1. Among what's in region 155-176 and is within 16 Å of the ligand (Cβ to nearest atom) and surrounded by fewer than 22 Cβ atoms within 10 Å (Cβ to Cβ), pick the residue that is nearest to G111 (Cα to Cα).
2. Can you name the residue in region 41-61 that is of a type in the set (A, V, I, L, M, F, W, C) and within 12 Å of the ligand (Cβ to nearest atom) and, of all such residues, is surrounded by the fewest Cβ atoms within 10 Å (Cβ to Cβ)?
3. Just give me the residues in region 182-206 being closer than 15 Å to I16 by Cβ and in a helix (DSSP H, G or I), in sequence order.
4. From the residues in region 135-154 that are farther than 17 Å from D98 by Cβ and among the β-branched types (V, I, T), which one is nearest to the ligand (Cβ to nearest atom)?
5. Does region 52-61 contain at least one residue that is under 16 Å from the mean Cα position of the chain (by Cα) and modelled with pLDDT of 95 or more?
6. Working only within region 164-190, note down all residues that are among the small types (G, A, S) and more than 15 Å from the chain's Cα centre (by Cα).
7. Does S188 satisfy the criteria of being closer than 28 Å to E5 by Cβ, among the hydroxyl-bearing types (S, T, Y) and more than 8 Å from the ligand (Cβ to nearest atom)?
Amino acid sequence: MMNKETAFITGAASGIGRATARRLAEDGFRIVLIDRDRALVDDAMAEFLRNGYEAAAHAADVRDRAAIAAAFGAEARIDVMVNAAGIGPMRAFHEITDEDFREVVDVNLLGTFVCCQEAAKRMRTGGRIITISSRAALGAGNFAHYVASKAGVIGLTRAMAIDLRRAGISVNSIAPGFTDTGMTRQLSPEQHAAASALEPSGQPADPSEIANAIAFFASPRTSFVTGQTLFVDGGKSLGGQGV
Ligand code: NAP
């Protein structure tokens, strides 16, 4: 049983992380679910066990190095690390406080760094790390702290790809566009409609679309690709006019 490749997924109780956990379980990975809320991560675990998947669950905050190290230390192997934990509170530029900025950067950027570093220590040659940045790294209104954190994730991904390439560990990023998850359901109906209208499809992506792209980088067959950011946004990042 322990010979199965193991994929760790943060933010696995909700949205893109949970959809990724489902997709990678279908692909044959043993899944380790990590999220900060014990009840929610247990709920995800119950779903996986009902479906007959091999899984384990840990409640841990990605900023808490000791808790993350303990979760990783409890598992026999780590082949794939998917960093889907994140927060994205919309706030007008002049209203963002230092505390708001620090919290978003701490969770989205420092949290990704902590998990990647702890994962890389334990990975063998052939390990795959996937970060989740965002199309918003190119720019988005009322999200300066979030945009900065996600542009940082892209830089961190490239730096880690260089530092880990001799160890045979690939590091790539997925940059999702507007996706239907717990994060985007927090928007007001007006904000949600405005964001949807900016999408080429006129609607948010289903999280499974993002999970399918993550599965590409999680596959051992694509481990020669490293340092790349793949935009999964229905073409929004291409810009341009027209339908
Ligand atoms: P989501 O449904 O809110 O899922 C994120 C999960 O991460 C939640 O369960 C959340 O728990 C958890 N989390 C937050 N902070 C954490 C921490 N410090 N430690 C551990 N877990 C934590 O949102 P999502 O849309 O799937 O987001 C997944 C990733 O995709 C994020 O990095 C996000 O920035 C990125 N992304 C999303 C979109 C989009 O349109 N949805 C677009 C581009 C990129 P709580 O509910 O307790 O916060």
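The values are calculated or read from the model by the stated rules, or taken from the named source; none is laboratory data. What you are looking at is a predicted structure, and each value in this text was computed from that prediction instead of being measured. When we count neighbours, we look across all protein chains shown, and the Cβ atoms used for this are built from the backbone with ideal geometry, even at glycine.
1. That would be L156.
2. Within region 41-61, the subset of a type in the set (A, V, I, L, M, F, W, C) is 41, 44-46, 48-49, 55-57, 59-60.
When the remaining residues are screened for being within 12 Å of the ligand (Cβ to nearest atom), the result is 41, 44, 59-60.
Working: V41: 21, A44: 23, A59: 17, A60: 23.
Of everything passing the filter in region 41-61, A59 is surrounded by the fewest Cβ atoms within 10 Å (Cβ to Cβ).
3. Residues of region 182-206 that are closer than 15 Å to I16 by Cβ, as a first pass: 182-186, 204-206.
Residues satisfying the conditions are G182, M183, T184, R185.
4. Pass one, region 135-154, residues farther than 17 Å from D98 by Cβ: 135-142, 150-151, 153-154.
Next, from what is left, pick out any that are among the β-branched types (V, I, T): 153-154.
Numbers: V153: 8, I154: 12 Å.
Across region 135-154, the extreme among qualifying residues is V153.
5. Kept after step one, since they are under 16 Å from the mean Cα position of the chain (by Cα), are these residues of region 52-61: 60-61.
Pick out the ones that are also modelled with pLDDT of 95 or more and you get 60-61.
Checking region 52-61: at least one residue is under 16 Å from the mean Cα position of the chain (by Cα) and modelled with pLDDT of 95 or more.
6. A167, G168, S170, S188
7. On the way: closer than 28 Å to E5 by Cβ: no; among the hydroxyl-bearing types (S, T, Y): yes; more than 8 Å from the ligand (Cβ to nearest atom): yes.
It is false that S188 is closer than 28 Å to E5 by Cβ, among the hydroxyl-bearing types (S, T, Y) and more than 8 Å from the ligand (Cβ to nearest atom).
Let's see how each residue does on (1) touching a Phe, Trp or Tyr at 6+ places or on another chain (Cβ under 9 Å); (2) basic (K, R); (3) surrounded by fewer than 18 Cβ atoms within 10 Å (Cβ to Cβ):
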{"site": "F113", "(1), (2), (3)": "no, no, no"}
{"site": "K121", "(1), (2), (3)": "yes, yes, yes"}
{"site": "T125", "(1), (2), (3)": "no, no, yes"}
{"site": "R128", "(1), (2), (3)": "yes, yes, no"}
{"site": "N142", "(1), (2), (3)": "yes, no, yes"}
{"site": "H145", "(1), (2), (3)": "yes, no, no"}
